[in-house]
1. Under a point-charge model restricted to the Cβ atoms of Lys and Arg (+1) and Asp and Glu (-1), what is the dipole moment magnitude of region 36-131 relative to its Cα centre, in debye to the nearest 20?
2. Calculate how many DSSP beta bridges within region 54-199 are antiparallel, expressed in % of all such bridges and rounded to the nearest 5.
3. Over region 263-316, one equal point on each Cα, no solvent: what is log10 I(q)/I(0) by the Debye formula at q = 0.16, 0.21, 0.29 Å⁻¹?
4. Taking the simple approach of a point 7 Å from Cα along Cα-to-Cβ for both ILE107 and ASP302, what is their distance in nm?
5. Compute and list, largest first, the equivalent-ellipsoid semi-axes of the chain from the alpha carbon gyration tensor, each √(5λ) rounded to a whole angstrom.
6. Which listed residue (GLY320, ILE251, THR261) has the Cα farthest towards the positive end of the charge dipole for the chain, taking +1 on Lys and Arg C-beta and -1 on Asp and Glu C-beta about the Cα centre?
7. Could you name the lysines in cross-link range of LYS277, using Cα to Cα under 27 Å and dropping any fewer than eight places away on the same chain?
8. Take the Cα of THR262, step 7 Å along the line toward its Cβ, and report every residue of region 57-71 whose backbone nitrogen sits under 18 Å from that point.
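Every number in this text was worked out from the coordinates using simple rules, so none of it is lab data. All figures in this text were calculated on a predicted structure; none of them were measured in a lab. Neighbour counts run over all protein chains shown; Cβ positions are idealised from the backbone, glycine included.
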Amino acid sequence: MKSTAKLLSALFVLAVPLLFGQPAKPPADMAGLAFVGHNVADLEQAIKFFEAIDFKLAEGPTSWIVDKELNRLGNTPGAESRTAVMKVQSSVSDVPFTLVLRQYRGIPRQDWSKMNSWDLLASHIDLTVDGSVSDLLDRLEAQKLLAMPEVQGLPNPRRQNGFRRFAFITDPDGLTLEYFGKPVAKPGDPPPPPTVSNSTATPQNIDRLGKQAGFNHFAVNVADPEKARDFYGKVLGGDYPPFQDTGAKQILQNGWFPQATTDKNLRIELGFFVVNKGKTPAPIKFQDINANYAGLQTSNIDTAYARARANGAATVSQGGIVKYNKGRAVVIRDPDVGGYIMLWQPPK
């Protein structure tokens, strides 16, 4: 247990001032993390899996359609697609968090479901559960839905005695889900001290579990931890603690991003693994299986997009900002590994 505790401590190395420094205040036009998108091979199979882990189907699944708006957004001309919107409890607020599942056909797609969890550009989502994570694993195994990946630097056995604090699973399309168990208080136990903070991020107040079970963070693996942090902080508004390069084999930088429409903070984690040094990210296209993206809400997509481009972001959407879902949106790629990001301005 001591060695695991030391390893976990080393993992959560949180971030030194960057080349361009961090702004005193986040950009005023960024409203926070609104959703995560995940492209799948079989929409019904994906829905079944996420319903088994307590996501609720909120919209869809839609019928196959050539959606011209969506195709301009993702630069997927001529593609047919269908979509399902899932909701899950947030770990930090009473507003459910959104997961957008989408399946494409009629255009070339590659299958990245076999990526390693630590590969460049691989991503994961993190959720908190009440009690031992073993209960979740047992439930998924009983439904023949359990798959557990190898994880760089952390044990992930199927069986573990006693209270299981964490485990990693994968969905049918290769998305890694990281689960942490929140101990259930016993009658008479004193209330735990508050841990969720909305002040400037520090290693002490980046909370691992949140106030309740639910979605906690989205993560992407990066090549240059300082370059990535500068973009996700300076451009996208993330509040990251000061970075300190300890020479660890893994550096996981966690930054606050408001959950859009709330004043509570979720996280975007930037994962750096020494084993990826000198490697290049996989050539993942937006429509590919297990292509994932963070959906960031903005109050002014014109200024947010201009700032992203000025700081090295590449544009995916045809012609830049497009009309989408009664609002406006643009898909970009970060300048480090090409992580996909959708900037979204809802209708006024």
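1. So the magnitude is around 380 debye.
2. Restricted to region 54-199, the bridges split so that about 70 percent are antiparallel.
3. -0.82, -1.21, -1.19
4. Result for the modelled spin labels: 2.8 nm.
5. 29, 25, 20
6. It is GLY320.
7. Of all the lysines, those that pass the test against LYS277 - Cα under 27 Å, at least 8 places apart if same chain - are LYS6, LYS114, LYS227, LYS234, LYS249, LYS285.
8. So the set is 57-58.
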